[in-house]
Amino acid sequence: MAGTTQVGGKNIRVVAAGFIGNILEWYDFAVYGFFAPTIGKLFFPSDDPSTSLIASFGAFAAGFLMRPVGAVLFGHIGDRIGRKKALTISVIMMAVPTLLVGILPTHAQIGVYAAVLMVLLRMVQGVSVGGEYTSSFVFLVEHAPPERRAFFGSWSMIGATCGILLGSAVGALVNSLTTDEQLLNWGWRLPFLAGVLVAFVGYFIRHGIPEEPVTKEPTEKTKISPIREALTYHRKELLQAAGLNLMIAVTFYTVFIYLASWLEEEVGEPRGEALDINTISMAVLSIALPFAAMLADKFGRKPFLLIGAGGVALFSPPLINLMHHHNFTMILTGQICFALLLACFGGALPATLTELFKRGVRVSAASVSYNLTFAIFGGTAPVVAAWLVKETGNPVSFSWYLSAMAVVSFLICLTIRETHGTSLDE
C-alpha cells in the first residue's frame, strides 16, 4: 500500500472505486471455488461425489461463458452512457446474485430448481464480471494524472488479487470454526452473505465519484455502436490487445489455480502447504504490482511488458522443474518468481490497453479483447495443463504451454507502439 500516499487525498476515492469492485468479483470467485465440493453435494447431488463436483464447477463455467456478453453490454454502457454508470450497475449485478446464493434453497428443499437457479445466478454474475474489470481500469487510467496512469490502472488487478486472498481467508476461517455438519447445513452460506458488505461499500464509493475526467475536446459519438466501430476500424488494436492478454490469462490461471492441485497430486505436497504457497505468492503479486506500475510510469510500458512475457517464455520450464520437488522453499521460490514476472507485465498492462484505443470505443474494445481471451484461454488453462500431464506422462509438460503463450504475447509486444507519455484525447 506504499503507493497510496502518493495518490493525493482527492484521488483516493477514485482509486478505491476501481479497486473495490474487483475485490468483490474475485472474492466470490475464491469462495465459490473453496466451497465447490459442498455446493456440489447440496445443489447437484449424485451417488458419485466427482459427478457432483464437476456439476458444481460446470455452474461456475457457465458464468465464465457469459463474460463476453457482459463485455459487449457494459462496454456499450461505459462508452455511451458513462464509466460511472457501468461501474455502479456492475457492482449491483454482482452483489444481488451473491446474496441470493447465500440464501438459495438446496436440492433437498426445492429439487432440481435449486440447480437451475444456481446456474442462472452464476450466469448473471458472469455478465457483470464481463464488464467489471475492464470498466474499472479504463476508469482509473482516465482519471489518473498523465504521469501516473499505470499506477492508477494497476489497482484494478491489485483488487483482483486481494479479492482472492480475502475469499480464501474467509473460507478457511469458516471451515475452521464449524463442524462438518454445521458447514454443510449453514456454514458455507456465511461467506456469500458477507460479500454483500463489500458490495455495499463499493456502491457507496462509486455513487459519489465524478462521472468523467475533464478532456480537451468533447467526445464524438458515432451512429454505430462502440463494439461495431471497434471491430470495423480498430481490428489491429483489438488483435494486439487480445495477444497481450493471452500470456497473463494462461499464466495466472495455471500458476494460481491449477498449481495448487498439481502440487498435491503430482509433487505430493500436503494440500495445506500447497495453499499456503499459493497465498504467499499472491500476496507477493499484490505488493509487487504497484511498484512495477510506478516503474512503467517512469520508464515506459513496453520494457515491462517484454520483461514479463519474455521471462515467462524463457523461465517457465526451469521454474516448473524447480517446483517439482518435495521441498517447500524450492516450490515457494518458483511460484514467487512467476508472481514477480506477472507483476511486471500486469503493472503495465491496464494502462497499455486503455491507451491503445480512443475514448469513444475504449471500454467496449478493452472489454471484448480481455474477456474473449480469458474465456477461451484463461478458463481452459487448468484443463489444458491437466490434459498435457495426462497425455504425455510428463508432470512438467504444461510448462511448455506457458512458454508458447508467452512467446505469442512477447511478439505482440514488439508490434505495439510505446504509449507512455501519449495523450488519451488524441
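The values are calculated or read from the model by the stated rules, or taken from the named source; none is laboratory data. Computed from a prediction, not measured in an experiment: that's the story for all the values here. Positions of Cβ are generated from backbone atoms using ideal geometry, with glycine treated the same way; all protein chains shown enter the neighbour counts. Note: accessible area is taken over every heavy atom of the protein model, side chains too, but ligands, DNA and RNA are not part of it. Shrake-Rupley method; radii C 1.70, N 1.55, O 1.52, S 1.80 Å.
Just a few scattered comments:
- Residue tally, condition surrounded by 16 or more Cβ atoms within 10 Å (Cβ to Cβ), over 26 Å from the mean Cα position of the chain (by Cα) and without any contact (Cβ under 8 Å) to a residue 24 or more places away in the chain, over the stretch 323-342: 0
- Residue in the stretch 300-321 that is touching an Asp or Glu at 6+ places or on another chain (Cβ under 9 Å), open to solvent by 20 Å² or more (accessible area, probe 1.4 Å) and not in a helix (DSSP H, G or I) present: no
- Hits in the stretch 409-423 - residues which are buried (at least 18 other Cβ atoms within 10 Å of the Cβ) and assigned to a helix (DSSP H, G or I): SER409, PHE410, ILE412, CYS413
- Qualifying residues in the stretch 40-70 (those that are of a type in the set (Val, Ile, Thr) and either over 18 Å from the mean Cα position of the chain (by Cα) or at pLDDT below 80 (or both)) - the one least open to solvent (accessible area, probe 1.4 Å): THR51
- Of all the criteria given as (1) under 26 Å from ALA296 (Cβ atoms); (2) not in a helix (DSSP H, G or I), the one not satisfied by GLY347 is (2).
- Tally, over the stretch 71-96, of residues that are surrounded by fewer than 24 Cβ atoms within 10 Å (Cβ to Cβ), in contact with an Asp or Glu (Cβ under 7 Å, 6 or more places away or on another chain) and either among the hydrophobic types (A, V, I, L, M, F, W, C) or assigned to a helix (DSSP H, G or I) (or both): 1
- For GLY126: the one exception among (1) open to solvent by 10 Å² or more (accessible area, probe 1.4 Å); (2) modelled with pLDDT under 90: (1)
- Inspection of the stretch 2-18 finds no residue satisfying the criterion of being open to solvent by 10 Å² or more (accessible area, probe 1.4 Å), in contact with a Phe, Trp or Tyr (Cβ under 7 Å, 6 or more places away or on another chain), modelled with pLDDT of 70 or more and within 27 Å of LEU100 (Cα to Cα).
Residue-by-condition table, conditions (1) open to solvent by 60 Å² or more (accessible area, probe 1.4 Å); (2) hydroxyl-bearing (Ser, Thr, Tyr); (3) modelled with pLDDT of 85 or more:
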site: GLY153; (1), (2), (3): no, no, yes
site: ASN185; (1), (2), (3): yes, no, yes
site: LEU193; (1), (2), (3): yes, no, yes
site: LYS221; (1), (2), (3): yes, no, no
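- Cross-chain or 6+ apart pairs with Cβ under 7 Å, the stretch 271-293 first and farther than 15 Å from PHE338 by Cβ, then assigned to a helix (DSSP H, G or I) and modelled with pLDDT under 85: ARG271/GLU264; LEU275/ALA260; PRO290/GLY3
- Complete set of residues in the stretch 356-369 that are open to solvent by 10 Å² or more (accessible area, probe 1.4 Å) and within 19 Å of ALA309 (Cβ to Cβ): LEU356
- Pairs meeting the criteria (first residue in the stretch 158-174 and over 15 Å from GLY187 (Cα atoms), second residue open to solvent by less than 40 Å² (accessible area, probe 1.4 Å) and charged (D, E, K, R), beta carbons under 9 Å, at least 6 apart or on different chains) are GLY159/GLU25; ALA160/GLU25; GLY163/GLU25; GLY163/ASP28.
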